[in-house]
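> Mind having a look at this structure? Questions to follow.
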Amino acid sequence: MHPPNDREYLERRQRMSEEKARTASDPGIARIHGEFAAAYARRLAQQAAPVAE
């Protein structure tokens, strides 16, 4: 289990990456930031998934 501040960190980084993807003038940079945002979203989804016992 991750500490609560880990989730807050991931949420903050996801929002920042999404914003940078939207505002980047270079399409390649926008794509990379979009990939970062997607990776943070996957990590957050994994944390929310119940763990099988």
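> Just one of the numbered conditions (1) at pLDDT below 95; (2) under 14 Å from the mean Cα position of the chain (by Cα) is not true of residue 53; which one?
(2)
> Also, I was wondering about something else. Would you mind finding the one in 7, 12 that is out of contact with any Asp or Glu (no Cβ under 8 Å at 6 or more places or on another chain) and free of Cβ contacts under 8 Å to residues at least 40 places away in the same chain? Break it down into steps so the answer makes sense when it comes.
On the way: 7 fails: free of Cβ contacts under 8 Å to residues at least 40 places away in the same chain.
12 is the lone residue from the list that is out of contact with any Asp or Glu (no Cβ under 8 Å at 6 or more places or on another chain) and free of Cβ contacts under 8 Å to residues at least 40 places away in the same chain.
The values are calculated or read from the model by the stated rules, or taken from the named source; none is laboratory data. The structure presented is a predicted model; accordingly, all values stated were derived computationally and were not measured. We place every Cβ from the backbone using ideal geometry, glycine too, and count neighbours over all the protein chains shown.
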